[in-house]
């Protein structure tokens, strides 16, 4: 299908380059002169593409050939019509909040991370809970005794956060949400925070734990480490042709709660 999309674009005199997801160096070297990245895949492929495009501010247009496709804009059937609208300038840019995380150990930063969906601090293979001391804006909030703690964006609210019982948030919101996973004798409710919150999570455990950003490579976390999470200064841009209310329609459709056979008709509220 990638060749089909390429040929379609070339026929319209568009300069096109193609790359596989693992071609990091090749992709990074081309993005500075790229106007749009077309992703063929699911949400996992889109999260990988976001790592490349965000530093350059290049918008993403996703054709869903994966399983879920919450982040997609087109399907294998309707992509020509929607991509034509993008080429003709009949689209809008949706900018989604991202997270910036830092892993600190003994006063030194071990590594920085960025995430479009979520940052997760969780236990390793051994089925034992870990203690996670949460501070927000410098104040101690609570200590979670749990398998993991998810810090999610509105984009990530339809991913791991949703599976763990977190709230569903439309992308227009700029809030951060904290969701515990299998909390034991501690707060088992989600916390919704303001967009500029500074989240500090200190890890206490006697066995292995890991930090994972957007489900990518896991980084070991040691006893006493601290993870600092804030809103990233950058955003991830998506090229959209559907109306801003697409999120709710797509959400219900993906979750199997849409009822196309019911002829309800248009909304009766005529107020502007």
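Bear in mind that the values in this text are calculations on the coordinates, not laboratory data. Note that this is a predicted model, so its numbers are computed, not measured. FYI the Cβ positions are ideal-geometry reconstructions off the backbone, even for glycines, and counts take in every protein chain you see.
Things to note:
- From least to most packed, judged by other beta carbons within 10 angstrom and beginning with the fewest, 34, 46 follow the order 34, 46.
- Highest-MSF residue in the chain out of 242, 118, 22 [GNM, Cα springs under 10 Å]: 22
- Where both bridge residues fall in the range 1-142, DSSP classifies roughly 60% of the beta bridges as antiparallel.
- Exposure proxy order (Cβ contacts within 10 Å, fewest to most) of 248, 160, 56: 248, 56, 160
- Between the C-alpha center of the range 67-105 and that of the range 123-197 there is a gap of 25 Å.
- Sorted by Cβ density within 10 Å, fewest first, the residues 217, 82: 217, 82
- GNM remark for the chain: springs join alpha carbons under 10 Å apart, and the peak mean-square fluctuation among 17, 52, 104 falls on 17.
- DSSP bridge analysis restricted to the chain gives an antiparallel fraction near 90%, rounded to the nearest 5.
- For the range 98-233, the convex hull drawn through the C-alpha positions has a volume of 97 cubic angstrom per residue.
- With contacts taken as Cα pairs under 8 Å at a separation of at least 6 residues, the chain carries a relative contact order of 20 percent.
- Most fluctuating residue given options 231, 48, 105, as computed from a GNM of the chain linking Cα atoms under 10 Å: 105
- Considering only alpha-carbon pairs that sit under 8 angstrom and 6 or more positions apart, the relative contact order computed for the range 98-233 is 30 percent.
- Label-point separation in nm, residue 22 to residue 102, each point 7 Å along Cα→Cβ: 3.4 nm
- For q = 0.15, 0.21, 0.29 Å⁻¹, Debye-computed log10 I/I(0) when each Cα of the range 187-241 counts as one equal scatterer: -0.66, -1.07, -1.20
- Projecting label points 7 angstrom from Cα along Cα→Cβ for residue 195 and residue 174 puts them 0.2 nm apart.
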